[in-house]
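Here the structure comes first, spelled out in structure tokens, and everything after it is commentary.
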Amino acid sequence: KPETGFKSSLTDLWFQSGSGKTSMRSIIFANYIARDTRRLGATIDVEHSHVRFLGNLVLNLWDCGGQDTFMENYFTSQRDNIFRNVEVLIYVFDVESRELEKDMHYYQSCLEAILQNSPDAKVFCLVHKMDLVQEDQRELIFKEREEDLKRLSRPLECACFRTSIWDETLYKAWSSIVYQLIPNVQQLETNLRNFAQIIEADEVLLFERATFLVISHYQCKEQRDIHRFEKISNIIKQFKLSCSKLAASFQSMEVRNSNFAAFIDIFTSNTYVMVVMSDPSILAGSSMASAATLINIRNARKHFEKLERVDGPKHSLLMR
């Protein structure tokens with residue numbers, strides 16, 4: 001019987017001085033927009049916080065200062081305390097760092113500590129600040145860095161992402177990481193598929209309510225834009241921030257043109273849902289067709305709420 005709940009305790013580890021990890025964390029988990037991160041100072045020693053995600057999924061975030069004195073301390077007096085029972089390591093690299101050899105040395109030291117204390121941990125590397133690289137060079141530079149990191153990570157498996165706070169790549173990376181942390185993601189996708197087929201939707205997306213990261217989706221029709229999830233996450237989250245500045249709360253949205261109609265609405269206590277339709281009656285502006293879609297969303301809520309209430313396996317992650 002598959003596990004179906006969201007109950008977990010997560011911790012992630014982040015490193016490298018000036019790599020932009022605090023800005024990244026602030027955008028994803030603290031509702032900053034990219035330009036507001038300019039006023040953030042350097043991380044001194046360790047900043048520890050808890051983030052509740054999907055209701056019962058708790059991330060213990062350890063944002064560690066990457067300065068040399070702190071890095072040496074991590075690997076001596078605090079080694080066992082920091083690296084024990086880690087389930088996910090997220091290491092952030094500055095793509096324009098001029099100390100690549102030292103960066104790789106610290107990364108390997110971190111991997112050694114993981115192998116000794118948490119050998120089953122998943123490893124993710126984010127090659128960050130890619131917006132500073134000339135556009136025609138980005139793919140080549142990322143591929144070279146990815147090859148080096150995967151080679152250095154052995155025998156551990158390493159998944160690499162290129163990221164920037166100024167575009168959709170940050171949301172794409174984090175959605176991919178979180179996707180692997182949800183214990184019942186396959187069951188979610190099965191239920192989304194059934195829901196999409198019943199209501200004859202082109203596509204159904206499930207977003208985490210606080211971060212608006214895409215955690216599951218199902219599409220019945222081929223879509224042209226492969227980055228649409230991340231773009232939607234970014235646009236809606238910034239719209240929610242605009243609402244909050246006016247003391248208003250975002251609840252739902254309906255967008256339509258001659259090709260499709262999209263309905264975004266609160267789904268469960270921890271998620272939003274987006275339903276994309278191209279049914280001619282809906283595109284024609286039929287109020288009854290729109291109302292029927294919203295009723296279908298409402299009727300599906302109870303079923304998906306049950307999936308969230310069942311306790312799944314417990315995890316332990318660490319973010320530094």
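The values are calculated or read from the model by the stated rules, or taken from the named source; none is laboratory data. Just so it is clear, the structure is predicted and the values come from calculations on it, not from any experiment. Cβ atoms come from the backbone with ideal geometry, glycine included; neighbour counts cover every protein chain shown. In case anyone asks, the SASA skips ligands and DNA or RNA and just uses the protein heavy atoms, side chains included. Shrake-Rupley method; radii C 1.70, N 1.55, O 1.52, S 1.80 Å.
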Selection from region 211-250 of residues that are under 21 Å from the mean Cα position of the chain (by Cα) and open to solvent by 70 Å² or more (accessible area, probe 1.4 Å): Ile226, Lys231, Ile235, Gln238, Phe239
Test: residue in region 64-73 that is touching a helix residue (DSSP H, G or I) at 6+ places or on another chain (Cβ under 7 Å), closer than 23 Å to Phe29 by Cα and at pLDDT below 70: yes
Residue count for region 120-134, restricted to those that are assigned to a strand (DSSP E or B) and of a type in the set (D, E, K, R): 1
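Considering only region 96-113, state which residues are without any contact (Cβ under 8 Å) to a residue 60 or more places away in the chain and either in contact with a Pro (Cβ under 8 Å, 6 or more places away or on another chain) or within 19 Å of Phe161 (Cβ to Cβ) (or both).
Residues satisfying the conditions are Glu96, Leu100, Met104, Leu111.
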Restricting region 142-166 to residues that are open to solvent by less than 50 Å² (accessible area, probe 1.4 Å) and either in a loop (DSSP other than H, G, I, E, B) or not assigned by the TED database to the domain that holds Ile114 (or both), the residue that is modelled with the lowest pLDDT: Ile165
Failed criterion for Ser175 (all others in (1) in a loop (DSSP other than H, G, I, E, B); (2) closer than 29 Å to Lys237 by Cβ; (3) not hydrophobic (A, V, I, L, M, F, W, C) hold): (1)
Given (1) more than 13 Å from the chain's Cα centre (by Cα); (2) open to solvent by 60 Å² or more (accessible area, probe 1.4 Å), number of the condition Gln180 does not satisfy: (1)
Pair list, Cβ < 8 Å and 6+ apart or interchain, from region 138-156 residues that are on the phi < 0 side of the Ramachandran plot to residues that are crowded, with 16+ Cβ neighbours inside 10 Å and of a type in the set (Lys, Arg): Arg138/Arg162; Phe142/Arg162
